[in-house]
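Q: First the structure, which I've put down as structure tokens, then a few questions once you've had a look.
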Amino acid sequence: MKKIRLIALTSVMYFFVYTIQIVIVHRFVNPVVTPLMIWRVAQGVFGADHSLVIHKTWKPIEKISPNMVYAVMASEDQRFLQHNGFEWDAIKKAMAYNKKHKGKKMKGASTISQQTAKNVFLFPSRTWIRKGAEMYFTFLIEVIWSKERIMEVYLNIIELGDGIYGVEAASEIYFKTTALKLSKKRAASLAAILPLPLEWSPTKPGRYTANRIIKIEAQMNSVEQPSWLLKSK
């Protein structure tokens, strides 16, 4: 029993040391590939209708239009600058909704921090273990990274189409421009498809997506401006 306890304690210690180290590394080193990218390619290899090519071009936050920052905050996480990684009231409401509407599409309440943690460190899954790991990594990046770094990583790894990751690649493919030159309308169009990037299009939106674009563009003016964007003006 002593050996078992020692092995368990050592394993837990190594887990915490490793995960903290990898989060520190990604505070300064940009992720080359994410588990989601690998997963999508694997799905394509085994017959799913997914691209086997990964389109991505990393851009520092200074090379991404502020319009894109405001758009994702307006659509995904309006209190991004205030919370510590979690919106507990929204989580409770989502849990209550999902419990009441079993069998239907589940409602999420993930913040930008949670989405970043999930995409950088974890493979897609809907298990409670994966959700627990997501909360753990969200806590780590909120402590170790800055909000600016979280946003920078998020904007460079989010899925925005089949094989399209990050706003630079999406800007080039959809609009033939760079992320730095995104207009409010185009930024809102990209943000609008984030819930279902493999089904919705920013250039040929259906009625629902078109309404999302209008709503997001209107809300972009009311979100709080990050300090790092104000300093760059």
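Q: Between His55 and residues 5 or more places away or on another chain, which pairs have amide H atoms under 5 Å apart, with H built 1.01 Å from N, and which residues are they?
A: Counting only residues 5 or more places away or on other chains, the set is Ile164, Tyr165.
Q: Also, I was wondering about something else. Using the Cα centre of the chain as origin and beta-carbon charges of +1 (Lys, Arg) and -1 (Asp, Glu), tell me which of Gln82, Thr203, His26 is placed farthest towards the positive end of the dipole.
A: Gln82
Q: Give me the Kirkwood hydrodynamic radius of the chain in Å, from all C-alpha pairs, to one decimal place?
A: Numbers: mean 1/r = 0.0530 Å⁻¹.
Here the Kirkwood hydrodynamic radius works out to 18.9 Å.
Q: Step through the residues of segment 206-221 one at a time and calculate ³J(HN,Hα) from phi using the Karplus curve (6.51 cos²θ - 1.76 cosθ + 1.60, θ = phi - 60°), rounding each to whole Hz and writing x for Gly and Pro.
A: Per residue, the Karplus-derived 3J(HN,Hα) values read x, 4, 5, 5, 4, 5, 4, 4, 4, 5, 5, 4, 5, 7, 4, 6 Hz.
Q: Separate question: May I ask which of Lys56/Lys184; Lys118/Lys181; Lys59/Lys92; Lys147/Lys185 have a Cα-Cα span longer than 31 Å here? Walk me through the intermediate numbers first.
A: Details: Lys56/Lys184 22 Å; Lys118/Lys181 28 Å; Lys59/Lys92 35 Å; Lys147/Lys185 24 Å.
Pairs exceeding the cut-off: Lys59/Lys92.
Q: Additional query: Nearest 10 degrees is fine. How inclined is helix 88-100 to the longest principal axis of the chain, computing both from alpha carbons?
A: It is inclined by approximately 90 degrees.
Q: Please sort by residue number the GluC sites (Glu not before Pro) in segment 138-233 whose DSSP state is loop and whose Cβ has at most 14 other Cβ atoms within 10 Å. Mind showing how you got there, number by number?
A: Details: sites: Glu142, Glu148, Glu152, Glu159, Glu168, Glu172, Glu199, Glu217, Glu224; in loops: Glu199, Glu224.
Passing both the DSSP loop test and the Cβ count: Glu199, Glu224.
Q: For a Förster distance of 25 Å, can you work out the FRET efficiency between the beta-carbons of Leu9 and Val32, rounded to the nearest 0.05? If you can, show how the numbers build up before the last one.
A: Numbers: r = 33 Å, r/R0 = 1.32.
Efficiency, from the Cβ-Cβ distance: 0.15.
Q: Each residue of segment 123-138 in turn: what ³J(HN,Hα) in whole Hz from Karplus with 6.51, -1.76, 1.60 and θ = phi - 60°, glycine and Pro shown as x?
A: Per residue, the Karplus-derived 3J(HN,Hα) values read 7, x, 5, 10, 7, 5, 5, 5, 5, x, 5, 4, 5, 4, 5, 4 Hz.
Q: Here is a further query. Using amide H atoms built in the peptide plane, which far-off residues or other-chain residues are under 5 Å from Thr177 H to H?
A: Glu172
FYI, it's all coordinate maths here, none of it is from the lab. Because the structure is predicted, anything quoted here is derived from the model rather than measured. Every residue, glycine as well, gets a Cβ built from its backbone with ideal geometry; the counts of neighbours run over all protein chains shown.
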